[in-house]
Amino acid sequence: MKKRIGLMTGGGDAPGLNGIIEATVRALAHHPIELVGIRDGFEGIYNGSTCSLTPEVVLNAHASAGTLLGTSNKSSTKGREEEFLKAFNALKLEGLIAAGGDGTFEGLSRVIKGVKLIGVPKTIDNDLQGTDVTFGFDTACAVVSEAVDALRATADAHRRVIVVEAMGRTAGWLALGGGLTSYADAILIPEKPFDRDALKAHLLKLRASGQRGAMIVVGEGAFAKGESARIAFRVEGSPQADRFGGIAEQIARWVEQETGWESRHVVLGHLQRSRHPTTTDRFITAAMGVEIARMVMENAWGNAVVVRDGLVTRAPLTDIMKPARLVDPEHRWVKIAEALGIYI
Ligand code: F6P
C-alpha cells in the first residue's frame with residue numbers, strides 16, 4: 001500500500017515553490033508514495049482541501065512563479081491547535097512536507113507533537129535561520145537590481161533622485177543584495193538605522209561632483225536613527241500582522257526638501273515575488289526536491305532541507321524554527337558596499 005504524504009506551501013509565495021513541488025513529485029514518482037497537495041497553506045488543512053500531485057500535474061511547473069497549490073499568509077494555528085490536529089488527522093497523511101517562512105514554521109511549531117514534518121525554508125526575505133540562503137531570494141534580488149539599473153536612466157535624464165523600496169520586513173537582505181549588485185548610491189536597511197545628516201551630506205557631495213541622478217534603495221522596514229519603522233497596515237489573524245511600507249516616499253520628500261534635488265520614489269512591492277525563478281533558485285529547488293524525496297524514503301521526519309556551504313543538505317527542523325536572521329552590520333556585503341563608496 002502506498003504511503004500518503006502531504007505537501008503544502010504556506011506564507012507569502014516565493015519564486016521556486018513550483019520547482020520544489022515539481023522536483024519532489026518527480027523524485028518520488030517511482031516510489032510507493034501518494035503525494036497529496038494541500039491547497040492554500042493552512043487553509044487547506046482546516047478545510048480538507050487537497051489535490052492529487054502526479055508527475056503529469058506538475059510537469060514544467062518549475063519555470064513559473066507563484067505556487068500551483070496556492071498559499072496564504074493570513075491564517076495561523078494560534079488558539080486553533082486542536083482544530084488543526086483534528087483536521088490534519090482527518091486527511092490520513094503519514095507526514096507533511098511544508099514549505100514556508102517564519103510564520104508557517106511558527107504555526108507548525110505549535111502542533112509539531114502531532115505532525116510528522118519535513119520543513120522546506122522559503123522566503124524572498126532570506127531571513128530564516130539554519131540555512132545559508134532561502135530560494136526566492138536570488139530572484140527577488142534580481143528584480144531589485146534590474147529595477148535600479150533601469151530607473152537610473154530616467155533619474156539621470158531628469159536630474160532626479162529615485163528612492164526604490166524593497167520588501168524584506170525587518171530584514172535588509174533584499175535591499176542590500178539588490179542595492180549592492182546595482183551599485184546604488186545609498187542602501188538603507190533596518191539593521192543599520194541611517195543617519196539623516198550623513199545621508200544628506202553624501203547626496204550633496206554626489207551632486208556637487210556633477211552626478212545628474214542618484215539611486216537610493218531602502219528596505220521597507222528601514223528607519224533613521226532615533227525613529228521607527230513605518231507600518232502601512234495590519235492583516236489581523238496573520239502570524240506576522242504588520243505590513244511595512246511608506247519609507248521610500250517619506251525619504252523622497254525629505255531628500256527634495258533638504259537638498260533641493262528633485263526626488264521620486266518607486267515601490268517594487270509584489271513584483272519581487274512574482275518573477276520566474278533564476279537559475280540559482282532553480283538549482284536550489286531541484287536539489288531540494290531530490291533531498292526531500294530521500295528524506296521521505298528514509299523516514300527522516302523532524303528535519304528540514306537547507307543550504308549549507310553551497311550544498312543542499314538536511315538539518316534538524318528546530319534549526320529553522322528560530323527568530324528572523326537579520327543582516328549583521330559587519331556582514332561582508334556591507335563592507336563591500338562601503339568600499340565602493342555607497343552610503344550604508
Ligand atoms: O515575507 C515575504 C513578504 O513579501 C515581505 O517581504 C513583505 O513584507 C510581505 O511578505 C508582504 O505580504 P503581503 O503579501 O501580505 O502583502
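The values are calculated or read from the model by the stated rules, or taken from the named source; none is laboratory data. No experiment lies behind these values; they were computed from the predicted model shown. Cβ coordinates were reconstructed from backbone atoms using ideal geometry, including for glycine residues, and neighbour counts include every protein chain displayed. All accessible areas refer to the heavy atoms of the entire protein, side chains included, with ligands and DNA or RNA removed. Shrake-Rupley method; radii C 1.70, N 1.55, O 1.52, S 1.80 Å.
Which FRET efficiency value, to the nearest 0.05, do you get for Ala232 and Lys86 by plugging their Cβ-Cβ distance into 1/(1 + (r/R0)^6) with R0 = 35 Å? Intermediate results must be reported in sequence, preceding the final value.
On the way: r = 36 Å, r/R0 = 1.02.
That pair, Ala232 with Lys86, gives E of 0.45.
Can you compute the charge dipole magnitude of region 138-274 about its Cα centre, using +1 on each Lys and Arg Cβ and -1 on each Asp and Glu Cβ, nothing else charged? Give it in debye, rounded to the nearest 20.
I would put it at about 240 debye.
Work from the charge dipole of the chain (Cβ charges, +1 for Lys and Arg, -1 for Asp and Glu, about the Cα centre) and give the residue of Met215, His265, Ala198 farthest towards its positive end.
The one lying farthest along the dipole's positive direction is His265.
Provide the solvent-accessible area of Trp173, counting protein heavy atoms only and rolling a 1.4 Å probe, rounded to the nearest 10 Å².
Its heavy atoms expose roughly 10 Å² to the probe.
Can you show me the helix-derived [θ] at 222 nm for the chain, built from DSSP H runs with n ≥ 4 at -39,500 (n - 2.57) apiece and divided by the number of residues, rounded to the nearest 500.
Calculated mean residue ellipticity at 222 nm is -11000 deg cm²/dmol.
Which residues make up the longest stretch of the chain clear of GluC sites (Glu not before Pro) that lie in a DSSP loop with no more than 13 other Cβ atoms within 10 Å, not counting the sites?
After excluding every exposed loop site, the longest remaining stretch is 1-226.
Kindly provide the trypsin sites (Lys or Arg not before Pro) of region 25-133 that DSSP labels as loop, not H, G, I, E or B, and whose Cβ sees at most 12 other Cβ atoms within 10 Å.
Sites meeting the loop and neighbour criteria: Lys78, Lys92.
Find out how many positive minus negative residues lie around Glu249, taking Lys and Arg as positive, Asp and Glu as negative, among other residues whose Cβ is under 13 Å from that of Glu249.
0
Select from region 127-201 those trypsin sites (Lys or Arg not before Pro) which occupy a DSSP coil region and have at most 13 other Cβ atoms within 10 Å, ordered by residue number.
Details: sites: Arg152, Arg159, Arg160, Arg169, Arg196, Lys200; in loops: Arg159, Arg160, Arg169.
Within region 127-201, the qualifying trypsin sites (Lys or Arg not before Pro) (loop, at most 13 other Cβ atoms within 10 Å) are Arg159.
Kirkwood hydrodynamic radius (Cα pairs, Å) of region 1-79?
12.8 Å
At 1.4 Å probe size, with no ligands or nucleic acids counted, give the accessible surface of Ile336 in Å², nearest ten.
We get 80 Å² for Ile336.
Subtract the Cα-Cα distance of Glu146 and Glu330 from 0.36 nm times their separation in residues, and report this length gain in nm to one decimal.
Here the segment from Glu146 to Glu330 would lengthen by 63.7 nm.
If you look at just the Cα atoms of the chain, how large are its Rg and its Dmax in Å?
In Å, with Rg to one decimal and Dmax whole: 21.4, 75.
When the gyration tensor of region 53-166 is built from Cα positions, what are the square roots of 5 times its three eigenvalues, in whole Å, from largest to smallest?
Value: 38, 18, 12 Å, ordered largest first.
If you place +1 on the Cβ of every Lys and Arg and -1 on the Cβ of every Asp and Glu, how big does the dipole about the Cα centre of region 69-132 come out, in debye to the nearest 20? List each step's numbers first, then the result.
Working: 9 positive and 9 negative charges, 70 e Å.
Around 340 debye, computed over region 69-132.
How long are the semi-axes of the equivalent ellipsoid of region 149-298, defined as square roots of 5 times the Cα gyration tensor eigenvalues? Whole Å, largest first.
Working through the eigenvalues yields semi-axes of 34, 19, 13 Å.
Within region 117-161, find all residues whose amide N lies under 12 Å from a label point positioned 7 Å from the Cα of Arg212 along Cα-to-beta-carbon.
152-160
Report the local net charge at Met8: Lys and Arg +1, Asp and Glu -1, summed over other residues whose C-beta lies under 11 Å from its C-beta.
-1
With a 1.4 Å probe and all protein chains kept in place, how much accessible area does Phe223 have, in Å² rounded to the nearest 10?
It works out to around 50 Å².
Could you give the size of the charge dipole of the chain about its Cα centre, using +1 on the Cβ of each K and R and -1 on the Cβ of each D and E, expressed in debye and rounded to the nearest 20?
260 debye
If you wrap a convex hull around the Cα atoms of region 236-325, how much volume per residue is inside, in Å³?
190 Å³
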